[in-house]
Amino acid sequence: MLSIKDLSVAFKTRKGEVNAVRGISLDVAKGKTLGIVGESGSGKSVTSYALMRILDAGGEIRTGEVVYGGIDLRAASERDMRDIRGREISMIFQNPRAALNPIRRVGHQVEDVLIQHAQATRQDANAKAIAALEAVKINDAAARYDAYPFELSGGMCQRIVIAIALACKPQLLIADEPTTGLDITTQKAVMDLVGDLTRERGMGMILITHDLGLASQYCDRIVVMKDGLIVEEGDPHKLFTDPQHAYTRKLVDATPRVGASIRNLLPPETRTAEPAHKVHDRPLLEVRDLVKTYPGKSGPVQAVKSISFQIKSGQSLGLVGESGSGKSTTSEMVVRLQDPTSGNILFDGQDIAATASARFMRHPMRGEIQMVFQDATDSLNPRGTAASAIAEPLARIAKMRGSKLNARVAELAELVGLPQPLLSRFPHQLSGGQKARVGIARAIALEPKLLILDEPTAALDVSIQAIVLNLLVDLRAQMGMSYLFVSHDLNVVRLLCDEVLVMKQGEIVDRGPTASVMDNPSHTYTRSLIEAAPQPPNPVAA
Amino acid sequence: MADMTASTPDTTRRKGDTTLGHIVYVLRDNPVTMLAFAMLAFFLGCAFFGPALVPYDPLATNAARALEAPSWDHWFGTDNLGRDVFSRVIVATRLDLTISVAAVALSFVIGSILGSIAGYWGGWLDAALNRCLDTIMAFPLFVLAMGVVAALGNTVENIIYATAIINIPFYARLVRAEVNIRRHSGFAQAAKLAGNSDLRVLAVHIFPNSLPPMMVQVSLNLGWAILNAAGLSFIGLGVAPPTPEWGIMVAEGANFIVSGEWWLAVFPGLWLMLAVFTFNLLGDGLRDIVDPRKRT
């Protein structure tokens, strides 16, 4: 149905020309799902933009042909392309909220595309739009028709986007990271929905994702892209069990899965023995009856409802939950960026919740509890170099100055594997993985006893995630730190944590040693989380 | 993008990494910026050395050569008292630039402080400050400046204060918005964990990030401030004759346009226009210089 031959795309930038896609060929058959898997910068999204002819300014298709159902998309006029987009080929984007117009009712947005492609008249648009919303399994579609995007959850917004994409019954759907940023149970619901709809309607689909596990579950064929080239193509199961290309093998290895240890995520040649970490009996952190209530428009909102837990010295505790479960609020209270409404936080026997967060920077315990933030880019001051970010806690809390400070910064960079020359760079000159390392170096600079990790790998490519997770394991063994690891990804928690807490709507619903919670979940919610996680086929040779 | 443990990028500092190197890069990259900076250098030169270089004393009258058209002796002609217009235009640069730079600096500092406080702490402080600024904005700004000068007295300092007051709301609002979007950012929280007090987080980490858009505002404002000062002088408030000042010179010269002596008003007006033009062109360049993200 769609055939791409020798496509190459180049962008003009200030530093000269960048070849984003360098001669790729692929085919999508009717009713089949093709997965394009690759890490950031591999050119997977650019490929889809090129075939829809919606490349950013400066981007240009250099060579190759794109043929859809006998139409040469490269030669088609802009007018023809407008008819094809939405009518024949539709697209779902990464961030559903950004893809919807925030000030228009979602029903009207569905109507727009129907009317644009003459699939509906003004009179029956309303009924057809509601039917389209029902098709994506939106409950009470007639009422949702009048909602604005901000009134709907992320998963609901993505359903609307899918409804818009499918409203005109296109033959090909391009889904560009459709579930990034969605919760794991929502991800499953959305992917199942897309899978069912494409199957029912016999549509072709291109699923663009960085998650090999997800692709293997929903695709008939997978192509793996790297640096604008296709390095491997084949059946998902075969890709996993018998990857031919070294890069595919690296990706397969790096995908967290049941039965793999943390070192298994690394390429075989760089694997070393996993260092053991000692867990002492002495509790380092004890949280008692912690409550956080926010004043809301319609009455107070209880974000955290009286939770208690403890972390032993040297232990790693996983805090798992979906968005809105209160896990971030809990971690922010523990790290003393927020004040609890009531409850105690005992650190080394001392109630640190007694000191208000606004005054906690002078507390002697400040250096003992540090945090690695979720978004490494956002957590670094764009105006400061990597070195200045790492030096900040040393200069402010440890009062280090001059050459001693520089030496310590260099030592920390060494420890987290950040090459020295990168220290003088600004955040925007660093890659995602390098920024994550800077964030970790800053957090461990004062050798804290407790490190709070708020989804530290959520924004990273899997191969970088593998490296960062292993770095965290090494640091834990070296420095004897305790971790509070906040995550929504159970597969990652399983690799790193001794015990796990599962939070839902501000309450702890499940807790216990990681292995027993994961293998024999006692709570239905835990079970649904585990089932929702993509289960990539296990490679034979680990 | 790929694995960075193995790669060891070049250790040499690239040229664009130093501040001076970056400025040179920005100037080279954009010829308009280059032109703006060249013109700024010219005006600054006039302000510093003008009085020493001009051919005539700007205050010396010469009744014998009054109202002469531009010639080789008097490039911009002479006025009704026989004073050399060229000398007066050049000498006036210092006064006009002083007024605008001082006024903009004052409103920049006060506006930044007010805006930072409102944006960071929010709440009733924010609401109160915003209503005060709204009150200032509610007046026609030039009329407000007239009122201030008329009330405080006709001196250069008071023109500066008046110009500063009418510009404070623009800075305060801009800074407020820029600070507000960053107050919960990761790097602000990380700075708190590193032992910074709220005030330090605000001053050292958050506020400097609002500099790039501020620079655009500053350069536009420098132009407005000159126009404002000239405008006040034009209507007789502010700088008093016989001090050379572009606004007064245009005002005085305007009387003679009808009778054909156009050079009295045109040359100071032209200089005023060029100065405003320079500052307006300067904006993008200044922004690029203070924005670290441009250092790619």
Take the Cα coordinates of chain B, assign each an equal point scatterer, and use the Debye formula without solvent to give log10 I(q)/I(0) at q = 0.06, 0.11 Å⁻¹.
-> -0.28, -0.78
For helix A:184-201, what angle does its Cα long axis make with the longest principal axis of chain A, in degrees from 0 to 90 and rounded to 10?
-> 10 degrees
What residues qualify as long-range amide H neighbours of A:V136, i.e. H under 5 Å apart, gap of 5 or more or another chain, H built at 1.01 Å from N?
-> none
Could you work out the mean count of beta carbons from other protein chains within 10 Å of each residue's beta carbon in A:37-45?
-> 1
Distance between the range B:97-169 and the range A:391-405 - C-alpha centres, whole angstrom | 39 Å
Kindly provide the pair-distance distribution of the range A:283-488 built from C-alpha pairs, with 10 Å bins from 0 and whole-percent values in order of increasing distance.
-> 9, 34, 36, 18, 3, 0
Once the mean of 1/r over all distinct C-alpha pairs in the range B:9-152 is inverted, the Kirkwood radius in Å reads 20.3 Å
Longest chain A segment clear of trypsin sites (Lys or Arg not before Pro) sitting in DSSP loops (not H, G, I, E or B) with at most 12 other Cβ atoms within 10 Å runs A:123-277
Between rounded, prolate and oblate, where does chain A land on the alpha carbon gyration tensor, with a ≥ b ≥ c its root eigenvalues, rounded for a/c under 1.5, else prolate if a/b exceeds b/c?
-> prolate
Pairwise label distance in nanometres, B:H184 with A:V301, each label 7 Å out on the Cα-Cβ vector | 0.9 nm
What distance in nm separates the simple spin-label points at B:W262 and B:F48, each placed 7 Å from Cα in the Cβ direction?
-> 3.6 nm
Going fewest to most other Cβ atoms within 10 Å around each Cβ, B:V109, A:V231 line up as B:V109, A:V231
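How big is the antiparallel share of DSSP beta bridges in the range A:283-488, given as a percent to the nearest 5?
Of all bridge pairs located within the range A:283-488, approximately 50 percent are antiparallel.
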Partner shielding of A:357-369, taken as the mean number of other chain Cβ atoms within 10 Å, equals 2
Beta bridges per DSSP with both ends in chain A, % antiparallel, nearest 5 | 55 percent
Determine the calculated [θ] at 222 nm for the protein assembly as shown from helices alone, applying -39500 (n - 2.57) to every DSSP H run no shorter than 4 residues and normalising by the residue count; nearest 500 deg cm²/dmol.
-> -14500 deg cm²/dmol
GNM, chain B, Cα, under 10 Å: largest mean-square fluctuation among B:P244, B:P55, B:P268?
-> B:P55
For helix B:123-138, report the angle its Cα long axis makes with the longest principal axis of the Cα atoms of chain B; keep it between 0 and 90° and round to the nearest 10°.
-> 20 degrees
Neighbour-count ranking [beta-carbon atoms within 10 angstrom, fewest first] of B:I117, A:I206, B:I110 = B:I110, B:I117, A:I206
Classify the range A:2-261 as rounded, prolate or oblate, taking a ≥ b ≥ c as the square roots of the eigenvalues of its Cα gyration tensor: rounded when a/c is under 1.5, otherwise prolate if a/b is larger than b/c and oblate if not.
-> oblate
Note down the magnitude of the dipole of the range A:2-261 about its Cα centre, charges +1 on Lys and Arg C-beta and -1 on Asp and Glu C-beta and zero elsewhere, to the nearest 20 debye.
-> 280 debye
If one compares the long axis through the Cα atoms of helix B:19-29 with the longest principal axis of the Cα atoms of chain B, the angle in degrees, nearest 10, works out at 60 degrees
Taking B:I166, A:I115 and counting other C-beta atoms within 10 Å, the order from fewest to most = A:I115, B:I166
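The numbers here are math on the coordinates, done by the rules we state, and not lab data. Just so it is clear, the structure is predicted and the values come from calculations on it, not from any experiment. Cβ coordinates were reconstructed from backbone atoms using ideal geometry, including for glycine residues, and neighbour counts include every protein chain displayed.
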